[in-house]
There are 2 protein chains.
Amino acid sequence: MTVEDDATRQGRRAAAATLIVMYLPRRIKHCRVCGTEVAYRVPVDDNRERAVCAACGEIHYENPINVVGTVPVWGEQVLLCRRNIEPRHGFWTLPAGFLELGESTAAGAERETVEEAGARIELQPLFTVLNVVRAGQLHLFYRARMLDTTLAPGPETIEARLFREDEVPWDALAFRTVRMTLEHFFSDRRRGAFEVHAGDVA
Amino acid sequence: MTVEDDATRQGRRAAAATLIVMYLPRRIKHCRVCGTEVAYRVPVDDNRERAVCAACGEIHYENPINVVGTVPVWGEQVLLCRRNIEPRHGFWTLPAGFLELGESTAAGAERETVEEAGARIELQPLFTVLNVVRAGQLHLFYRARMLDTTLAPGPETIEARLFREDEVPWDALAFRTVRMTLEHFFSDRRRGAFEVHAGDVA
């Protein structure tokens, strides 16, 4: 093997490792049941590596998590929140956050809208279902009708504001799913018919 | 905001928190980072109990997980699989399973169809998005066109079979989301237009 080959291989390994780490966080070091150190291996009757406890046999599955939010609408305007938290501090987002155990996607989307913007809304149909595979997330946005313009941003929000389509800060949006959802919203509104849009963020 | 409004909002938040605690399985006994025993408490800047490690400070979030599957269609018939695993061993299901890290909902739905039925399909649009709140799951089904009638059921399936609407074993279906998805499918097909159906299983 030449030095070049070795370097290339090292690079490829590093790239592959990065990819794996990106997809498989391997954040689990200890068993959640008994506290023993786990090892990543493929369990019997499975085809993927999981964190398995050698002591008690517990298998720890890691799955994508759901982010739920809304497109709150007031007349010609949509509501955006400027993030007071990382990631993307200072950038604009639709109100959204992690779906909790014990709530439906619709309930979670409404809760996040109240928590982040303090907006009073009537939830409307599911609008986008967008995979963010590299982040291990699925983003689901509902349309929502604002009942008034009262806003009371929570601690995660610097400010909440209404924007007409030509005022949207496209270059200062926090996430691609927010951009895609807004693009679908304005496009559907223009043609006068809303439908559910499903897809992936590259 | 008036005092009454604030009290009402506080009350709603408290009620929601109680509900969440009821559902939380509390399966986490030890910290995944350092192995120390965890305690369930509300972290700073949070409003829900989480498994928190007193030794290293790790907060363990538990979120609903996604189940993805298909409605494989061959002419007038749909494909169902008889489960060879618990829960609901021996009952009929649409091919479906847990979404994995590193794959999109569409890719996961196609993978499960291959793994459980050995069917060759062309994936079609997202069809149902159904919350099973009590199980901490979100079920997403895609329609799919079968490319041929070749079937090769995997180890999780006793048998895979095509059913006309009047042959579907309604009383022997494994899950309510399967029933709802099939009902929407036949109903939409009857009126000649498919749309995305979102909702909750009670």
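When you go through (1) surrounded by fewer than 14 Cβ atoms within 10 Å (Cβ to Cβ); (2) part of a strand (DSSP E or B) one by one for residue B:193, which number turns out not to apply? It fails just one condition, (2). Considering B:143, B:161, B:134, the condition of being more than 14 Å from chain A (Cβ to nearest Cβ), open to solvent by 10 Å² or more (accessible area, probe 1.4 Å) and of a type in the set (Lys, Arg) is satisfied by B:161 alone.
Pairs meeting the criteria (first residue in the stretch B:90-107 and more than 18 Å from residue A:129 (Cα to Cα), second residue open to solvent by 20 Å² or more (accessible area, probe 1.4 Å), beta carbons under 6 Å, at least 6 apart or on different chains) are B:91/B:83; B:91/B:172; B:92/B:82; B:92/B:169; B:92/B:172; B:93/B:83. Once the stretch B:110-122 is narrowed to residues that are of a type outside the set (Asp, Glu) and away from every other protein chain (no Cβ under 11 Å), the residue that is farthest from the chain's Cα centre (by Cα) is B:120.
Which of the residues belonging to the stretch A:28-61 are more than 17 Å from residue B:61 (Cα to Cα), basic (Lys, Arg) and within 11 Å of chain B (Cβ to nearest Cβ)? Selection gives A:48, A:50. Answer yes or no: is there a residue in the stretch A:109-117 that is hydroxyl-bearing (Ser, Thr, Tyr), open to solvent by less than 10 Å² (accessible area, probe 1.4 Å), without any contact (Cβ under 8 Å) to a residue 40 or more places away in the chain and touching a strand residue (DSSP E or B) at 6+ places or on another chain (Cβ under 6 Å). Checked against the condition, which is being hydroxyl-bearing (Ser, Thr, Tyr), open to solvent by less than 10 Å² (accessible area, probe 1.4 Å), without any contact (Cβ under 8 Å) to a residue 40 or more places away in the chain and touching a strand residue (DSSP E or B) at 6+ places or on another chain (Cβ under 6 Å), the stretch A:109-117 yields no hits at all. The test for being at positive phi, modelled with pLDDT of 95 or more and not acidic (Asp, Glu) holds for residue A:118.
With respect to the stated conditions, residue B:78 fails to be away from chain A (no Cβ under 11 Å), over 28 Å from residue B:187 (Cβ atoms) and part of a strand (DSSP E or B). Restricting attention to the stretch B:44-76, the residues that are of a type outside the set (Gly, Ala, Ser), in contact with a strand residue (DSSP E or B) (Cβ under 9 Å, 6 or more places away or on another chain) and open to solvent by less than 30 Å² (accessible area, probe 1.4 Å) add up to 13. Selection of the stretch B:29-40 for residues being surrounded by 14 or more Cβ atoms within 10 Å (Cβ to Cβ) and either in a strand (DSSP E or B) or within 22 Å of the chain's Cα centre (by Cα) (or both) yields B:30, B:38, B:40.
Among residues that are among the hydrophobic types (A, V, I, L, M, F, W, C), closer than 22 Å to residue B:100 by Cα and touching a residue at least 40 places away in the same chain (Cβ under 8 Å), residue A:168 is not included. For residue A:169, the conditions (1) open to solvent by less than 60 Å² (accessible area, probe 1.4 Å); (2) in contact with a Cys (Cβ under 9 Å, 6 or more places away or on another chain) all hold with the exception of (2).
For the stretch A:148-157, a tally of residues being open to solvent by less than 70 Å² (accessible area, probe 1.4 Å) and either farther than 19 Å from residue A:98 by Cα or of a type in the set (A, V, I, L, M) (or both) returns 3. Here the condition is being at the interface with another protein chain (Cβ under 7 Å from one of its Cβ atoms) and β-branched (Val, Ile, Thr); of B:93, B:105, B:70, it holds for B:105 alone.
The values are calculated or read from the model by the stated rules, or taken from the named source; none is laboratory data. Only a predicted model underlies this, so the values are computations on that prediction, with no experimental measurement involved. Note that each Cβ is placed from the backbone with ideal geometry, even for glycine, and that neighbours are counted across all protein chains shown. For the accessible areas, the whole protein counts, side chains as well, though only heavy atoms, and no ligand, DNA or RNA atoms are used. Shrake-Rupley method; radii C 1.70, N 1.55, O 1.52, S 1.80 Å.
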